[in-house]
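Right, one structure below, let's go through it.
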Amino acid sequence: MEFFRNTNIDFLGKKWYFLAFSLIFSVAGLFSMLFWHHIPWGVDFRGGTLVYVKFSHTPDDNAIRSELDHAGLRNFKLQRYGVAANNEVLVDLDVRETSEQELDQGKLTIIKALQGRSTAPAGKVDLNNASMLTVKGYLVEKDPLHLGTDADAKYAAQAQAILDYRNKVQGGVLNSLDQLTSAEGVDPKVISALSDGFYLSDYGIRDAQIIGPQVGGQLRTQAGLATLYSLLGMLVYLGFRFEWIYGVAAVVTVFHDTLITVGAFSLTNTDITLTVIAAILTLIGYSNNDTIVVFDRIRENIKLMRREKLADVVNRSINQTLSRTILTAGLTFLTVLALFLFGGEVLRGFSLALVIGILIGTYSSIAIAAPILVAYQDWRIEKGKRPVAMPGRAR
């Protein structure tokens, strides 16, 4: 299957337009990383606390920010999480707001700040944020079923049934104690007893993740080394498979793709997480594969078109592989675009990196890698040296 037949586009004739495009986005990304948003490391790399909060109504972001500010928190991020109808908010607290010895203090501070949004009844506990042990302890003390010595195990089962209904059926937030009448295994006497010791807030802490600064630093180092090793491996492979200039061109191309992708994350102030690093490493392989296809066709055509200029050979090779490039990249792009649009907040960073990377990776194989070969060849000719980007040694 081919989209194009016998195309004759002068890609190298448009190299200055390509260079201008790449410079604009590369420089914008660099300026953002150096002076504006810097590299927006996610909590995986910088350390900190993530608290996932579900509300019983549409949350007021400004009111939540005000409460967190009033609690003395400054370096935090607040964003909607998941489907809008779920009323979920993610609070990202920077590691500077916690100590390495008491990392859970960040979580407790956020909970306390949210509790300040409403006045809790004196002597009562928030059932939407109560633990199983808290509920069980209350029931054992109250003993609404008059179980006596067998109370501990029985009330543990009752407490677990209440929390399972709250978390699994109601999504983490109860609007009324009457909802528990639909909970399987919960005795009506237990529900009646809860009203004396518990109240319901308008939010529930669904999950909390805490990562220390030392772990974040180690992950940053490992991510950088993984990217560096992949680039070095690519350079060695292409230098052996073709000529060393092919390897250099491919590495420069992938560095260009990575710079623009990371720059886009910095410009949009989107967190770079472990999944984003995984996407970037995937893109290094994807871009390299597309570049190798073009390089392989160039090497074949050089043998067949010995009298032609290298620029003409490169143009012919790109045109010959254009249909394959559009077909492969287009189908891949549609897949990752669907992932970006419908994959949810958890996969948003991963899919965004893939969307940007596939577009830039496909573009750079044509607009960056191939012109580097021609530019280097022209430079050697000007210096009176023997061209190297010609059919090389047999493999």
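If Asn8 satisfies all but one of (1) more than 22 Å from Gly217 (Cα to Cα); (2) surrounded by 12 or more Cβ atoms within 10 Å (Cβ to Cβ), what's the number of the condition it fails?
So Asn8 meets the others, but not (2).
Considering only the stretch 15-28, I want to know if a residue exists there that is touching a Leu at 6+ places or on another chain (Cβ under 8 Å) and surrounded by fewer than 17 Cβ atoms within 10 Å (Cβ to Cβ).
yes
Tally up the residues in the stretch 199-256 that are within 28 Å of Ser22 (Cα to Cα) and charged (D, E, K, R), please.
Here the count works out to 3.
Looking only at helices (runs of 4 or more DSSP H) that lie completely in the stretch 118-228, which have at least 2 residues being free of Cβ contacts under 8 Å to residues at least 12 places away in the same chain?
By residue number, 132-142, 151-164.
Can you find a residue that is touching a strand residue (DSSP E or B) at 6+ places or on another chain (Cβ under 6 Å), farther than 23 Å from Gly247 by Cβ and either modelled with pLDDT under 95 or exposed (fewer than 14 other Cβ atoms within 10 Å of the Cβ) (or both) anywhere in the stretch 312-327?
First pass over the stretch 312-327, keeping only residues touching a strand residue (DSSP E or B) at 6+ places or on another chain (Cβ under 6 Å): none.
No.
Any idea which of Val236, Val262, Val252 is surrounded by fewer than 17 Cβ atoms within 10 Å (Cβ to Cβ), outside the structural domain of Leu108 (by TED's automatic domain parsing) and either in contact (Cβ under 8 Å) with a residue 60 or more places away in the chain or on the phi > 0 side of the Ramachandran plot (or both)?
The unique qualifying residue is Val252.
Which number in (1) more than 21 Å from Asn8 (Cβ to Cβ); (2) under 22 Å from the mean Cα position of the chain (by Cα) marks the one condition that Ser364 misses?
(2)
Being of a type outside the set (S, T, N, Q) and assigned by TED's automatic domain parsing to the domain that holds Thr362 narrows it down to one residue among Leu78, Leu19, Leu73; which is it?
Leu19
Of the residues Ala338, Ala279, which single one is part of a helix (DSSP H, G or I), surrounded by 14 or more Cβ atoms within 10 Å (Cβ to Cβ) and assigned by TED's automatic domain parsing to the domain that holds Ala223?
Just one listed residue meets the conditions, Ala279.
Residues that are within 25 Å of the chain's Cα centre (by Cα), modelled with pLDDT of 90 or more and under 28 Å from Gly224 (Cα atoms): does the stretch 82-90 have at least one?
yes
Quick one: Ala367 ticks every box in (1) under 20 Å from Phe18 (Cβ atoms); (2) outside any helix (DSSP H, G or I) except a single one, so which number is it?
All conditions are met except number (2).
The values are calculated or read from the model by the stated rules, or taken from the named source; none is laboratory data. Since this is a predicted model, take the numbers as computed values, not measurements. Because the Cβ atoms are built from the backbone with ideal geometry, glycine has one as well, and the counts that use them run over all protein chains shown.
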